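Structure record follows, encoded as structure tokens.
The values are calculated or read from the model by the stated rules, or taken from the named source; none is laboratory data. Being a predicted model, the structure only gives us computed values, none of them experimental. Every residue, glycine as well, gets a Cβ built from its backbone with ideal geometry; the counts of neighbours run over all protein chains shown.
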Amino acid sequence: MKEKRGFIVKRDGRFYVRISYTDQLGKRRELMRRARDKQHAKQLQKELAKQLDSAGDNQRAELDAAKMTFAKVAAMYEAIRLIPAVYVGDRKVAGLRSLRTPKAFLRRLVAYFGNARIRSITYSQVDAYRLKRLSDGLAIGSVNRELALLCSLFNYAKREGFISRSPFEMGAPLISLADETRRSRTLSRDEEERLLLALSDSRRLHIRALVIAALDTGARKNELLTLIWRDVDLPSSVIRLRSLNTKTARQRELPISARLRDELQRLESTPGDSEALVFNSRNLQKHFATALREADVDDFRWHDMRHSFASRLAHAGLSVPELAALLGHAMYQTTLRYANPTTETIQKAVEMLNRADVSR
């Protein structure tokens with residue numbers, strides 16, 4: 001609001017308050033109110049001026065929001081949300097542990113939506129982005145991760161008042177987890193034997209220890225690579241993962257099998273600092289890939305060992321809640337995706353069906 005001028009005028013024995021002003025669009029406007037007397041007119045003049053000032057602030061805020069571009073909102077979102085993790089004790093209270101992937105997603109989104117007004121972006125445009133990324137050859141799961149960040153950005157814009165509704169709210173769900181292709185690759189006992197044999201070379205023994213830990217605990221790679229000796233309780237056969245090193249920021253305990261105990265005792269043979277890392281990950285990717293090739297184990301990724309752990313324990317009869325606790329899952333539905341049927345499971349099902357058929 002600018003060029004605001006107020007007057008008190010008297011016409012035919014009556015008092016009026018008149019205020020003229022220029023609005024945000026540059027148009028000249030005028031307000032006039034009748035007062036009971038001169039004293040009331042002075043009071044009314046102050047109230048009208050205050051109301052216009054307040055309205056002016058709201059109009060300016062509204063115009064600023066209308067002009068806000070996607071790129072500008074993305075920069076604000078990045079400065080507030082995509083920051084290094086902040087901890088209070090062992091608990092993460094803000095930020096992200098890993099920033100490389102979300103920042104890469106954000107750069108890609110800014111490159112696509114560019115300087116478009118945040119309010120002008122529609123459901124159809126977001127869907128067009130989804131289809132483009134799929135046509136680029138990305139898996140549905142990868143596209144879903146990008147869309148999840150985009151949805152989070154629009155929710156931030158809504159909370160800040162830049163938009164009234166997110167494009168994600170204006171149509172059918174754009175993120176469909178059910179459509180993702182879930183890997184079901186597990187390591188057979190024969191493949192495991194060949195893989196561990198290939199890792200028995202003196203240059204790869206440190207990787208063998210990591211592989212056994214992954215197979216026998218179901219821990220994520222980063223959870224193992226950040227494990228320190230203080231968190232390994234050999235007498236109790238327990239590994240305690242601290243919340244700051246887990247994906248879900250929740251502490252949990254893992255079992256130590258007999259063969260993992262042997263590996264840990266071998267690694268601990270040289271006394272060291274209790275705060276030192278348990279596992280040596282030197283040339284991990286190179287040694288693991290070479291061992292897989294030598295062992296003739298195809299289409300197998302590090303994370304598949306977590307699937308193998310879950311499938312074996314599910315086959316052995318461990319309940320879903322117990323398995324979820326070991327894997328660190330907050331939702332049982334997630335655990336079910338890991339408990340893949342193995343060859344042994346299928347054979348067991350065949351035998352049970354045959355027995356049931358015979359008994360009829």
- Is segment 115-134 home to any residue that is at positive phi and without any contact (Cβ under 8 Å) to a residue 60 or more places away in the chain? no
- Which of the residues that make up segment 310-331 are on the phi > 0 side of the Ramachandran plot and either more than 27 Å from the chain's Cα centre (by Cα) or in a helix (DSSP H, G or I) (or both)? Gly317
- Task: Please work out which residue is surrounded by the fewest Cβ atoms within 10 Å (Cβ to Cβ), limiting yourself to segment 57-79 and to residues that are out of contact with any Lys or Arg (no Cβ under 8 Å at 6 or more places or on another chain) and at pLDDT below 80.
- Result: Asn58
- Task: State the number of residues belonging to segment 135-155 that are in contact (Cβ under 8 Å) with a residue 60 or more places away in the chain and under 16 Å from Ser120 (Cα atoms).
- Result: 1
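Taking Leu174, is it closer than 29 Å to Ala75 by Cβ and either among the β-branched types (Val, Ile, Thr) or at pLDDT 90 or above (or both)? Working first, answer last.
Details: closer than 29 Å to Ala75 by Cβ: yes; either among the β-branched types (Val, Ile, Thr) or at pLDDT 90 or above (or both): yes.
When the stated conditions are applied, Leu174 passes them.
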- Query: Quick one: which of Ser152, Ser142, Ser135 is of a type in the set (Ser, Thr, Tyr) and either in the same structural domain as Ala214 (by TED's automatic domain parsing) or more than 15 Å from the chain's Cα centre (by Cα) (or both)?
  - Reply: Ser135
- Report yes if some residue within segment 94-104 is surrounded by fewer than 14 Cβ atoms within 10 Å (Cβ to Cβ), farther than 18 Å from Glu146 by Cα and at pLDDT below 95; otherwise report no. yes
- Is segment 117-132 home to any residue that is in contact with a Phe, Trp or Tyr (Cβ under 7 Å, 6 or more places away or on another chain) and part of a loop (DSSP other than H, G, I, E, B)? yes
- Query: Which one of these is in contact (Cβ under 8 Å) with a residue 40 or more places away in the chain, assigned to a loop (DSSP other than H, G, I, E, B), in the same structural domain as Ser274 (by TED's automatic domain parsing) and of a type outside the set (A, V, I, L, M): Arg250, Arg208?
  - Reply: Arg250
- Tally of residues being crowded, with 16+ Cβ neighbours inside 10 Å and among the small types (Gly, Ala, Ser) across segment 153-183: 2
- Message: I'd like to check something: does segment 96-106 contain any residue that is in a helix (DSSP H, G or I), within 30 Å of Leu241 (Cα to Cα) and of a type in the set (Gly, Ala, Ser)?
- Response: yes
- Query: Name the pairs whose Cβ atoms lie under 7 Å apart, with the first residue in segment 280-307 and without any contact (Cβ under 8 Å) to a residue 12 or more places away in the chain, the second among the β-branched types (Val, Ile, Thr) and in a helix (DSSP H, G or I), and 6 or more positions between them or separate chains?
  - Reply: none
- Note on the structure: Residues of segment 230-262 being out of contact with any helix residue (DSSP H, G or I) (no Cβ under 9 Å at 6 or more places or on another chain), more than 21 Å from Leu318 (Cβ to Cβ) and of a type outside the set (D, E, K, R), in sequence order, are Pro235, Ser243, Leu244
